[in-house]
Amino acid sequence: LRPDHHPRFAGDNLARNLQLAAAIEAMAKAKGCTPGQVALAWLLAQDSDIVPIPGTKRSARVDENVAATGVALSADEAAKLSAALPPGAAAGGRYPDGGMKAVYI
C-alpha cells in the first residue's frame, strides 16, 4: 500500500496530521527523548487501566519502548498533549476505503 493511498497521508490530511504530530515532537525535544517515547509516556500517564501494547519489528525499538517508562510527564504536560490531540483530531480515515470492514469495533 502506497502512503499516498492511505487517507491520513493523502492530500490536505497529511499537512493537518503533521501539525498534530508537532505537539508530540516538541514535547519529545523538551524531554530529550523520541516522539514514540512521549506517546507511550502519555498513555502510561492515563488511568491505570490503560496498558499500551506497542508493536515493532526491530529490537532497538523494544529498548526504546521500554525506556519510555522512564519518561515522566507532569499532569500539566499530559493535559497539554491531550488538549493538542483530542480524540478524532486526526484528519482522514484510519484505513483506506473498505479497510474498516476487517476491524471489529
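Quick one, what does Rg over Rh come out to for the range 1-45 if you take C-alpha atoms and the Kirkwood Rh?
1.10
Label H5 and V66 with points 7 Å out from Cα along Cα→Cβ: what is the distance between them in nm?
3.7 nm
So which lysines pass the test for K80, namely a Cα distance under 26 Å, with those fewer than 8 places away in the same chain ruled out?
K29, K31
One-quarter of the Cα convex hull surface for the chain, in nm²? Could you put the intermediate results ahead of the total?
Values: hull surface 31.6 nm².
The orientation-averaged projected area of the Cα hull of the chain comes to 7.9 nm².
Of N65, I50, G99, which is farthest towards the positive pole of the chain's charge dipole, taken about the Cα centre with +1 and -1 on the beta-carbons of Lys, Arg and Asp, Glu respectively?
G99
Read the figures in this text as sums done on the coordinates, not as results from a lab. Keep in mind that what you see is a predicted model, and the values were worked out from it rather than measured. Because the Cβ atoms are built from the backbone with ideal geometry, glycine has one as well, and the counts that use them run over all protein chains shown.
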